[in-house]
Structure formats: structure tokens, C-alpha cells
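The values are calculated or read from the model by the stated rules, or taken from the named source; none is laboratory data. Note that the coordinates shown come from a computational prediction; the quantities given were computed from them, not determined experimentally. For neighbour counting, all protein chains shown are included, and Cβ atoms are generated from backbone atoms with ideal geometry for every residue, glycine included.
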4 protein chains.
Amino acid sequence: MKPISYGMVGGGEGAFIADVHRRAIALNGGCELTAGLFSRDVEKSRSWAAHLGIEPSRAYASYSEMAQLERQRDDGIRFVVVVTPNASHYAICKAFLQKGIHVVCDKPLTVHSEEAAELAYLSEQSGALLCVTYTNTGYAAVRQMRDMVAQGLVGTIRFVNAEYAQQGMAVRPDALGRWRADPDQSGPSHCVGDIGTHIENLVATITGLRIERLSACLDSFIDGHRLDDNATVMVEYEGGAKGVYWASKIAIGSSNALAIRIYGSAGSLAWQQERPDTIIYTPCGKASQIIDRGSNPYLDVPSRYSRLPAGHPEGIYEAFANIYRSFLATLAGKAEPFPTAIEGLDGVRFIEACLASSGKDGAWVAL
Amino acid sequence: MKPISYGMVGGGEGAFIADVHRRAIALNGGCELTAGLFSRDVEKSRSWAAHLGIEPSRAYASYSEMAQLERQRDDGIRFVVVVTPNASHYAICKAFLQKGIHVVCDKPLTVHSEEAAELAYLSEQSGALLCVTYTNTGYAAVRQMRDMVAQGLVGTIRFVNAEYAQQGMAVRPDALGRWRADPDQSGPSHCVGDIGTHIENLVATITGLRIERLSACLDSFIDGHRLDDNATVMVEYEGGAKGVYWASKIAIGSSNALAIRIYGSAGSLAWQQERPDTIIYTPCGKASQIIDRGSNPYLDVPSRYSRLPAGHPEGIYEAFANIYRSFLATLAGKAEPFPTAIEGLDGVRFIEACLASSGKDGAWVAL
Amino acid sequence: MKPISYGMVGGGEGAFIADVHRRAIALNGGCELTAGLFSRDVEKSRSWAAHLGIEPSRAYASYSEMAQLERQRDDGIRFVVVVTPNASHYAICKAFLQKGIHVVCDKPLTVHSEEAAELAYLSEQSGALLCVTYTNTGYAAVRQMRDMVAQGLVGTIRFVNAEYAQQGMAVRPDALGRWRADPDQSGPSHCVGDIGTHIENLVATITGLRIERLSACLDSFIDGHRLDDNATVMVEYEGGAKGVYWASKIAIGSSNALAIRIYGSAGSLAWQQERPDTIIYTPCGKASQIIDRGSNPYLDVPSRYSRLPAGHPEGIYEAFANIYRSFLATLAGKAEPFPTAIEGLDGVRFIEACLASSGKDGAWVAL
Amino acid sequence: MKPISYGMVGGGEGAFIADVHRRAIALNGGCELTAGLFSRDVEKSRSWAAHLGIEPSRAYASYSEMAQLERQRDDGIRFVVVVTPNASHYAICKAFLQKGIHVVCDKPLTVHSEEAAELAYLSEQSGALLCVTYTNTGYAAVRQMRDMVAQGLVGTIRFVNAEYAQQGMAVRPDALGRWRADPDQSGPSHCVGDIGTHIENLVATITGLRIERLSACLDSFIDGHRLDDNATVMVEYEGGAKGVYWASKIAIGSSNALAIRIYGSAGSLAWQQERPDTIIYTPCGKASQIIDRGSNPYLDVPSRYSRLPAGHPEGIYEAFANIYRSFLATLAGKAEPFPTAIEGLDGVRFIEACLASSGKDGAWVAL
């Protein structure tokens, strides 16, 4: 099989998440990075492209040129990975979608929901796929919980408690200087935009619940921080279920502690990202069960999304690889669910609603 | 030493919490149960009194008679333990305080804050102590966390996340028939009144923070339940810290999962009631530490409130016994902090504020 | 009901385990400490007796005098608690048994198995009960595991892995000066005698397995330590099951970490003393289950040995109290199993076999 | 950079560990699978080779032919991955080493130690590297623990307790039919050969301790099993430290539970493979610390072997990839430690010693 060519915008030397994308794609196999624009500094971009084995002629100086020229090549890239700061996602995604090149973009999809809606429309129009890498939806256990909910194992959902706790802003001296703390690059929200949106997407993915309205309190506890670093959100879903979300960048002791608990009429589910292989499932009135990603007694078939037997730890690369796997399967004509512009738009709307509610002292805001 | 005589109102055969009171008092030693009114059914009360070794003449038919007659005896009870359903606390406590008999009463202290305020005033006036058994404040680890906060080990507190999850209403077929689900006996709140108030008191005890205002959503998910069985509360404290509380009676998989996490500028603390001997303390930018109740390196002296070396589990009796220990020390003239009518009043005001806010669709309510 | 009088030998001011005995007895209720010999220093003993509320005439100067005089009183003690260093157990227990006074003695029962056998014989002869306080057998979860094994929930037992890890000798500067490190007071073994014997008894209690032979390696890692502070024992049981025990006093990081795992043909059980309320049970080929002491779905009736609902932590006092409860029930004519001189003798024989094997470079020693 | 060509022997469709090798290599990047022999069934091998994108001319019918022909090509493979059943490792490795082709082979390296010694000699002679994939040595946390021991953070090691518990033989109905249960393919040991050897290597890697002698009990609990499925080993290291190893294939409830605890004079370390990112470190007399692979405060530089920040889970692919990374760095002239034929030989000698000791009723066997 000839490998599928792909390009990348952003992700220069030292960029953490771009490296994760490249390795996750490699874990699946079958793709080759052949074009890119890795930095606004052209020299740096070229030198990094060379390091990655990209031909000099395909190390570009602008994303519009890249979209244009790759479109014209017979062997042009089939998809582009966008891993730049949030504020630039919209223009870059648009440039590629308009040329019919499929796009994989980091979350949040855009800074404004109008932009996200436009990208969703462009994707629909052009037939070019737009995948938003909500990482956590790729974990095998997350997909299994989605299936368990769909099979009725928790019954009617009553309440969801989800949180994402990080300590970065409290413990890193340089935290204020990073792009996520800068409104011009990050958009109007730091904490909700970066991690709150993961909560929203994770809950939606597993439960299928849609938020009807929310009441949010965003705070900024770090001196000099112009954006939010902590957020509490009370949520009401369509159909009567309720929830509470908490996202924080000042939670000393927590590295990357995303956690979700789902309470229904027939049972509950609990999962923590830092121990991604384990689900705790409690059927109503029975003992809690420790379920391993690799041996889930409630799923008829072993999950396609787990590559390893129980007890062999999988991590974030595997989660990313699963999202790419579904994206590439769809590209190959065998549609599989992955987070699209629709989920991306939901995410931006969630961020906007949180900001709006918090700006009105926690007033309820409909979505 | 002659034992201290005490009486009990409520706590007939099979009453769980009354038994805990009696055993916790025995664990401390030095007290003797000599009078009581154990049931509204006089025969049952007398027979249970006999079982407990109480003289027939001191098995009473009404609490006012009991207060009256015990007051007149030379060897009358020095304190009474009130373990009846919430709605009757006020009248019973009042009867004994008016006779100058010290009172230990279960939480919530009363159903209305005016009543709690009156009891606080009566206690002040009469010199009779009024202790409200907020159990969790008795755990050695809780008292250690209070000291750690006071020593500045977490710095300025920024955010508190506390929760109390139980599954009782979801899993017990007879749950709707219990007195806690009945407004006439339980008062206007079930979930907040029974367990939400523990969260409020635990946070206040450890941190010293006072709630300025709150926004609450109370829900009733169980069909036929006339009171709340789930509650989310966003909290703002005096001085700028924030918090979120979640209490639930429908959290399948949780027996009695009270948990608190405190995030400050210099560190964080985390504790779970179901593993009461262990504190997780994270100094800012350092590794998290597992601290055992019996060997806390941050306290200069071994705690008086732990009876056992590290690794020998203490439980709820020891917590109760610690509250009684402080109450009895104060009775003996060596004042030690224990939860008084003031904390009891704070608790009832918290419940009322939650009900008020929830009744106004989560509007902020000042305390 | 008139309280049952009891006496104590050992357990002066500051003695940890004697205090646990007294409080555990109080937790049950119905007993009263009325006589004692608390120290070899008569003045100290008398002053401590007074502190405990004992009449001066019943604060004795020798245990033989105490046995003699208490025997002659109409209101003499019905049982005595022996909480002295190991080497003195034999003579003290003998003195009381010969007078027909029931005895509760700490483990190990004696230093030599001949002594233990003699005590067993004396107990049998005199009809005076001899209870050896193997604490861990009192935990509700331990009694539940015993019942689960008996019900066949693990099938035929194949392998047992049990351990008891403490750090005391490695971290306490004064460890070498304590009586347990002194052969004259402690007997010929420190680590196996103090905690290894708990492993042996715990396994026997839960599984009913009897050791056929063992191979042991005892080591002394602390400079100047004249006794063992670490031991590994390979065990073969009658019937073909095998096991491995590890006991250590040099396990830095472990306070009191007794743990057992039992593997059978139909399932497995795991339990840790430091989290005594939780059993992990895995039926063969199914998910592991988290079982709470207070809500064990495999037992038909709620356990009599748990005083509290699930989620309300019980600890070491409750374990001790359960042993006393069974002892007292038996005293009252309703026989309940508790660890007797037979178990005490098994324990001493186990210690002797470990010493013998280790002395012969780990050669197998039959029991 | 031109990719490095590699080949594979074994690892046909459905072979779990071969797939892990391929993905782990891809995670590092820079290598390409260009030749192979995937099955003794030539048709299956060819069809799988085609699936993997290998040219038909390089899908071989025998390993000797493969070694021969690849040696002759200018673009021949630089290394071969051997993932066949144990009994065939020796001949295959030998064939490639004799042609000067580097080899990566699964553990155990061979069935007999003479064979392993010969391969070590051949590797030395030919200059062809021989890497034995003791997976666990690749985990970032394992390499960090090795560095922590080397820095003296645990002081002089006194005792090691290590175990590897799996449930496969007890819960899988087809377990007896798998090649590992067949002496002809697996060699003379199942449990020690498959997982006991991982314990031996893990301890040696982290601590540097060398086993002086051991006493082992191997058992076969599953009816019809011709090899061992459970093993206990008492170990004495050069220099006076001691240890105990337990490996089991019948440990119901355990998927892949490799765990190690190291006790020294200055501290202890504990690690579990199923939660590979977390180390528990206890300095003598201090609180235990939870150390994350991504943020180890005791190492001066962030580890090269961790690709992700703390809280982003890494798993078994990353462990494998780290071994390949060190192997490939060495291939490129920058020597880095990886498990070689020497470790492979140590492993086989360990297995032989266990079998010898167990055959002599646990007699001590020197290594």
C-alpha cells in the first residue's frame, strides 16, 4: 500500500502536541509527512522540515501557498494537521478546506463560534473532512463507556460530575508567558478554552447528552493572568439530567486529572484519564466492578480500539491513534465516528456560553 | 473518678447513630448512661431503657418531664444526647438548656434558623453547653488538616472542591419510607440537610472560610421523593476564595463518600472520609505526599486526637469520641474547640440559603 | 445487667496495646476493670490503678497474689487480660488458669511451644477459657472472607501470598532499645514472633489450611540487632496448596501493612489491614469486585461483626472488640469462635519452625 | 534521513507481541520493515508480508535463506526482529549473527544457557548487536528508579520483593493449547520462563544486584499442564541483600501485575507495571512521595526516555520504543544501555537455576 501523504501547519521544534500527532499517526502506520509550515520564522520552519525528512520544495512560507501548491500536485497531501495557537485555526483550516484538502485540527476549533460554524459549513460543502482532536474520545475505555451507556447499563442518566484539574499556572514560573495565557493567541478563555472544552466533549461523547443551559463562574487567581484559570459550571441537559463541571489550572498536585462520573437509574460509571485503562462500573445495588480496557465483560466483541491485552498499559498515543484510525477509515470510505466540526462548534459555543454566563454573574445562558 | 451521668432522647432499639454515640462515649470512658426517653412508644422506651441498664424511674415518658426531674436530682444527668429526627431537635434542646442541662445534638441542629439562633442564645444565657455532632470534625486527620492550614502550609486558599456522595435513595427499595425523606420529620431538605450540611461544616472547620454568598441547584430524581436528593452549590467565601459543593443521595456506587480538596497558593490538601487516616498534601511544585494520621511530619507534637500509631486504622467511633472528648474537656473546665450552636446555626442558614437559591433558579443568596 | 469484672496484668501508663484492650472492651460495654498489676514498679502500678479507678486493695504487687486473692473474692474478676512482654506470658497465664480465672493474652502466647501446650492443657482441664488476641481475626472483613471461603467462592485454594511489612526498626532511632528487640523479654524471634505469627494466624483463620512444612530465611539487617528483622517463608499446606509469607520490620514506607491474597480454582480474595473495610473478590474469569465490609453481597445475613453501615470506617478497636465479643459470648454460654490456646500453640510452633529452618539454611521443617 | 531497513522472523497475522514491536519501532520513526518470514506456512507468510508492504522477493521461506540473501543485498536489512516461540530463538539468532546482521530477540533468549552463551560469544565476535527485549526495562519510570538507586536515594539495598501475577492459565479455557504450555516450543519452564525471567531482569536492571544463589519452588496447579504455572523463589544477592520473587499464571484477578519493591537503608521504592507512570518513593523516616514519570524531582534533567509531560499516560509501546531507541542509538555509534545477550544469558541461567532448585526440593543453587 502506498502511504497517504499528509502535511502539518505549526508544530516546530519542541512543540509537544505536534510530536504526539506525528507519533500517533506513525503508530497506526500507512501515512507519511511530506509537506509543512512549522514556524512563522521561515528559516526555523525549513530547518525543522529538513529534520523531519521533508523535501525543501515542500517546506512552505505560508499556509495559503501550501494549500494552493499541494492542491496542484498529483502527489499532494491528502490531509493537513493544524497544530497552531487557537486564534489562527480558523484561517488555516479555511484555506485548506477551500482547496478540498481534509483537515485535522486541535481543539478548540476556533475562537468564535461563527468561525466554527463557517468551517462546519465549508467542510460539508467541499466534502473535505474536518476532524477536531478531542484526544480523550480516543481512549479505548471512553469508547467502551459510550457503548455501555448506549446498551443501557447505567439506565436513564440523572447526574454527571466531570472535572479537569491541572496545576500548571500555579507551579510554573513562566506560565504567564506562554501563549495559552495570552488572549491574542489563545482567545478569550484560557482554562475553559483549553481544558473545560475537553470536559464538555468527553461528556457529550460518552453520554450523548446535549446541554440546554448553563451557569458558569470563571475566575483568575494568578496575579497578572488576563484570562480565566479556574471555572465551575452548573449544567442542565435536554431531558432533565443535570451536571457540574470543574476545570482548573491552579489545582496544585494535579498534573492532568480529567475525570468523569456518570450516575443513572441503573448504574454508574467512573473513569480517570490518568489511569485510562480502568473503568469502575457499579450496577444499581451491586458491588462496584473494576473493568479493564482489555477485558470488558459487558461488550460482546473485544474492542477494535484496544491494541493490547488487559494489563498492558495504553496511553495518550493510543488515544490519538484511535482518532486518526477512525478519521482515516472514513477517508477510505468506511465511515467511523470521530469528532468533527460539529463537535468543534459545540465546543466553541460551550466556551462562549461559559464566558457569557460568568460575565453576567453566573446567569443561566441557553445553548 | 466518679463517672459523669448522661441521658439520651431518641435512639431506641436499632437506631444506628444513637448506638454510635453510646459506644463513642464508652471509648473515651468516664461516662454513664443513667436516664432516657428512647421512643414515643412508652413501652418500647422503657424496655429499651432496661436493656441499657437504666433504672425504671429514670426511663421517662416525655422529654420535658425528663429535663424537669433530672434537674431536681442530686445525681441528675449532666448532659443529654439528642438523637431524634431533625424536626424535634429544637423543642427538646430548648427544654434541657432551660434547665441548665448541657446538650449534645445531632446535625442539622434545627429545621429553621430562628430556632437555631434561639438555642445559641439560650446556651449562651444559661451557660449550658450545646454541642452539635458534626462527626467528621472529630477525625484526627481533619483536625490535622485544620492545623496544617493554620500553619500556612497551603498558603492563601483559592478554591475548595468538596462533595458527599451516597447511593441510599437510588438503591434502597424502602428509601422513600424513611424519616429523612419525610418533610414533617426531616424538615424542608433531605440531601442538603442530611449531608450537604456536613460539607459546609467540614470546609469551615478546616479552612476557617466563611461563605459570603451561594448559588444552588437542588434536584429530586427519585420518583415520589418530596425532597431534594441531589444538590450542586457554587460558593463564594469572604476574601475572594471560591468553591463548589456537590451532595447526592443518588450516587450509585458510593456508600458514604465525603471528600474535600483545598487548593491554596502554597499547596493543596485532599482527604476522603472513607479512608480517614490518609491525607494527601502537595507543596507547590513538589511531589505529593501520603501523610498518615498517626505520623504527620508537619505537626510538632503527635496529635492528642489520635489514639493509635500509624497503620492501625481508626474509624468513625474515634471521630465521635474525639468530639465528646473536647466537649467533656470543656465541661471539666479545660476549653477545647468542638462544634457548638454557632456552627449549628451556620449549618441551618446554609441549608436555608441553598433552598432559597434553588427556589429562585440558582440566584445568588447572601449568608 | 451487672457488669463483668476483669483484671489486667501489664499495661501501665503509655502502654499502647493495653489501652486498645481497655477501649475495645468498653466499646462492647458490659465489663468493668476492677483489679490489676500494671508495672513491676509497685508505686507506678498503684498510681496507674488509681487513675483507672481501681480500688487500692485490688492494685496488686504480684500476679500470683492477684490470682489468689481475686479467686477468693465473691466479686473477683472473671477474666484477666495479660499484656506483658512475651517471655512472661506463660507464668502469668498459668497462675490465673490454675485458679480457674479466664485469660485473654496477647500473641505470641509463649516463647516455647511446650509452654503453650501446657497452657492449652490447663485451659482444657480447668474449663477456664484462654483467648489469644490475634487482632486481625476480629476485623469484620476477615470474618467475611472466612465465610466466603467456606461457601466455596474461591473453590479449591491453590496459593496464598501474605505479608506484614513494617518500618519500625529502620526508622526509629530507639528501636534497638525496645523490649521487642531484646531476646530476654521478646523470646528468640522479633519479626516472626511479633508479626510473622499474625500472618500465620490470619491465613489459618480465613482459609482453614494447615501448614505441613515450611522453609524459612530469617535475617537481621539492622546493625546491633540480636534478633530477626526480616523473614521469608515458603509454605506447603496439607492437601497440596502452597504459599509464601514475608514479614519485615525494615520495610521503609510501610506502617503496618498486613496483606493477604488467596488464589483458588474458582476465584481470589485480597485484603489489606490498613484499609480493613474493603475486600477485592474476583470470580474466575469475571471482573474484580470491590466489596465493602458493610454491604457484602455474598453473605446471606448482614454480619453481626460489623456495627456500622458501609462507608462508615471501622478500625482496630472494632476488630479487638469483635474478639472480645466472641470471647464474652462464649463466657455467657453462647459459644462463638475466637482464637484459643490451640491457635496460640500453632503460632508458637510456627515461630519455632521458622527459627529451626532458618538455622538449617532454609531446610524444610515439618510442623 | 534514509530509513533503516529491518526484517522480522515470526509475527504472523494476529501475533500480539510482533505487532507491538512494529508499532514501537514506528513510534520512534526512522525504520522500515522490508523483509520477513512470518509463518512456517509459506503462503500465510507471503500474504502477510504483502499486507505489511514487503516486496514479494523479500518474503522468505526460511530464516537461513533470509539471512543469506539479505546479507548480500546492498540495501539489506540492518537488523532482524525475532519473535518466534522460545525454542527456535537460538538457531535463528545464530543464523543472523553469523552474517553480521544485528538482532533483536524476545525473552527468554534461548532454552539452554549454553545456547545463550554461544549467542553472546557470537555477538561479541561478529560485532553484531544482540538486544533482548526485556520490555519493562524500557519504561521511563524503571530507568528513573535505576538512576535513583545509583544516586544513593535508597542507600544500601537490604531486601527486594518482586512479583509477576497473571491469571491466564486459570481463566482461559484454551490456555493448555497455547504454545507457552508446550515444552517443545516453550522450553522446560512456562511460568518462570515467560514472566519469572522478567522479574529477574527488572530487579537486576534497577538495583544492579547479582544473584549469588536461590531456592525455588515451582508448581503446576492446572490439571494437564506439563510445565510450571506458579513459582516462589528465595534469593540471595552478592553482598548480603536478600529477596523473594513470586511469579504466577494462576493468580485470578491479575492481568499483568508485575510489581517491585526495593528496601534500602536510606529509603524505599515501589512500582507497578500496570500503573507504569507512578513511583512511590519513601525516604527513611519521611512521608511517602508520589512521583510521576514526567516530573521526577530527584533527577537533575528531565528524562530523555519520557516523551510526554506528567499526567499524559505512557504505556507499553513507549517502553518498547525506549529499548529500540537505545538499541538504535548504539547502532548509530552513540552507545546507550539496553538488554544484551549478557542479560539474556543471565535470564536463562536464572530459569535453569530455578528448575534445578525446584527439582531438588528447593535446595539452594548457586548462579
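Just one residue in the set A:Ala251, A:Ala259 is assigned to a loop (DSSP other than H, G, I, E, B) and either crowded, with 20+ Cβ neighbours inside 10 Å or out of contact with any Lys or Arg (no Cβ under 9 Å at 6 or more places or on another chain) (or both); that residue is A:Ala251. When D:Thr282 is tested against the conditions (1) within 7 Å of another protein chain (Cβ to nearest Cβ); (2) buried (at least 22 other Cβ atoms within 10 Å of the Cβ); (3) touching an Asp or Glu at 6+ places or on another chain (Cβ under 8 Å), the lone failure is (3).
Per the listing D:Ala24, D:Ala18, D:Ala50, the residue uniquely surrounded by fewer than 21 Cβ atoms within 10 Å (Cβ to Cβ), within 14 Å of chain A (Cβ to nearest Cβ) and assigned to a helix (DSSP H, G or I) is D:Ala50.
Are any of the residues in region D:156-177 hydroxyl-bearing (Ser, Thr, Tyr), within 30 Å of C:Val154 (Cβ to Cβ), touching a His at 6+ places or on another chain (Cβ under 7 Å) and within 14 Å of chain C (Cβ to nearest Cβ)?
Yes, because at least one residue in region D:156-177 is hydroxyl-bearing (Ser, Thr, Tyr), within 30 Å of C:Val154 (Cβ to Cβ), touching a His at 6+ places or on another chain (Cβ under 7 Å) and within 14 Å of chain C (Cβ to nearest Cβ).
Considering region D:64-171, the qualifying helices (runs of 4 or more DSSP H), each wholly inside and each with 2 or more residues that are small (Gly, Ala, Ser) and within 30 Å of D:Tyr298 (Cα to Cα), run over D:140-150. Scan region D:262-279 residue by residue and report those that are more than 8 Å from every other protein chain (Cβ to nearest Cβ) and touching an Asp or Glu at 6+ places or on another chain (Cβ under 9 Å). Across region D:262-279, the qualifying residues are D:Thr278, D:Ile279.
Out of curiosity, is B:Ser45 farther than 18 Å from B:Ser88 by Cβ and out of contact with any Pro (no Cβ under 9 Å at 6 or more places or on another chain)? So that I can check it myself, show each step before the final result.
On the way: farther than 18 Å from B:Ser88 by Cβ: no; out of contact with any Pro (no Cβ under 9 Å at 6 or more places or on another chain): yes.
Against the criterion (farther than 18 Å from B:Ser88 by Cβ and out of contact with any Pro (no Cβ under 9 Å at 6 or more places or on another chain)), B:Ser45 does not qualify.
Listed conditions (1) part of a helix (DSSP H, G or I); (2) out of contact with any Cys (no Cβ under 7 Å at 6 or more places or on another chain) are all met by D:Val9, apart from (1). Considered as a group, the residues in region A:27-45 that are in contact (Cβ under 8 Å) with a residue 24 or more places away in the chain and of a type in the set (Gly, Ala, Ser) include one that is nearest to the other protein chains (Cβ to nearest Cβ), and that residue is A:Gly30.
Quick check: is even one residue across region C:321-332 within 9 Å of chain B (Cβ to nearest Cβ), more than 20 Å from the chain's Cα centre (by Cα) and over 27 Å from D:Pro173 (Cβ atoms)? Quick ask: steps written out before the conclusion?
From region C:321-332, those within 9 Å of chain B (Cβ to nearest Cβ) are C:321; that's our starting set.
Subset that is more than 20 Å from the chain's Cα centre (by Cα): none.
Within region C:321-332, none of the residues are within 9 Å of chain B (Cβ to nearest Cβ), more than 20 Å from the chain's Cα centre (by Cα) and over 27 Å from D:Pro173 (Cβ atoms).
The rows are residues; the columns are (1) farther than 18 Å from D:Ile206 by Cβ; (2) modelled with pLDDT of 95 or more; (3) crowded, with 21+ Cβ neighbours inside 10 Å.
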{"residue": "D:Gly243", "(1), (2), (3)": "no, yes, yes"}
{"residue": "D:Ser268", "(1), (2), (3)": "no, yes, yes"}
{"residue": "D:Ser295", "(1), (2), (3)": "yes, no, no"}
{"residue": "D:Val301", "(1), (2), (3)": "yes, no, no"}
{"residue": "D:His312", "(1), (2), (3)": "yes, no, yes"}
{"residue": "D:Gly315", "(1), (2), (3)": "yes, no, yes"}
{"residue": "D:Ala341", "(1), (2), (3)": "yes, yes, yes"}
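Is it the case, given these coordinates, that B:Gly347 is touching a Pro at 6+ places or on another chain (Cβ under 7 Å), outside any strand (DSSP E or B) and not basic (Lys, Arg)? It is true that B:Gly347 is touching a Pro at 6+ places or on another chain (Cβ under 7 Å), outside any strand (DSSP E or B) and not basic (Lys, Arg). Residue count for region D:309-338 satisfying the condition of being in contact with a Lys or Arg (Cβ under 8 Å, 6 or more places away or on another chain) and assigned to a loop (DSSP other than H, G, I, E, B): 4.
The residue of region B:211-236 that is farthest from B:Val365 (Cα to Cα), among those that are surrounded by fewer than 22 Cβ atoms within 10 Å (Cβ to Cβ), in contact (Cβ under 8 Å) with a residue 12 or more places away in the chain and of a type outside the set (A, V, I, L, M, F, W, C), is B:Gly224. Any residue that is more than 26 Å from C:Pro297 (Cα to Cα) and under 18 Å from the mean Cα position of the chain (by Cα) - is there at least one of those in region A:299-306? Yes, because at least one residue in region A:299-306 is more than 26 Å from C:Pro297 (Cα to Cα) and under 18 Å from the mean Cα position of the chain (by Cα). Surrounded by fewer than 21 Cβ atoms within 10 Å (Cβ to Cβ), modelled with pLDDT of 95 or more and either in contact with a Lys or Arg (Cβ under 9 Å, 6 or more places away or on another chain) or more than 23 Å from B:Gln166 (Cα to Cα) (or both): is that true of A:Gly208 in this structure? Considered against the rule, which asks whether it is surrounded by fewer than 21 Cβ atoms within 10 Å (Cβ to Cβ), modelled with pLDDT of 95 or more and either in contact with a Lys or Arg (Cβ under 9 Å, 6 or more places away or on another chain) or more than 23 Å from B:Gln166 (Cα to Cα) (or both), A:Gly208 comes out as yes.
Among the criteria (1) charged (D, E, K, R); (2) within 14 Å of chain C (Cβ to nearest Cβ); (3) under 20 Å from the mean Cα position of the chain (by Cα), the one B:Asp292 does not fulfil is (3).
Yes/no matrix, rows are residues, columns are (1) aliphatic (A, V, I, L, M); (2) farther than 22 Å from C:His312 by Cα; (3) touching an Asp or Glu at 6+ places or on another chain (Cβ under 6 Å):
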site: B:Gln167; (1), (2), (3): no, no, no
site: B:Asp194; (1), (2), (3): no, no, no
site: B:Glu200; (1), (2), (3): no, no, no
site: B:Arg210; (1), (2), (3): no, yes, yes
site: B:Arg213; (1), (2), (3): no, yes, yes
site: B:Asp219; (1), (2), (3): no, yes, no
site: B:Asp228; (1), (2), (3): no, yes, no
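The single condition from (1) modelled with pLDDT under 95; (2) away from chain B (no Cβ under 14 Å) that A:Tyr90 fails is (1).
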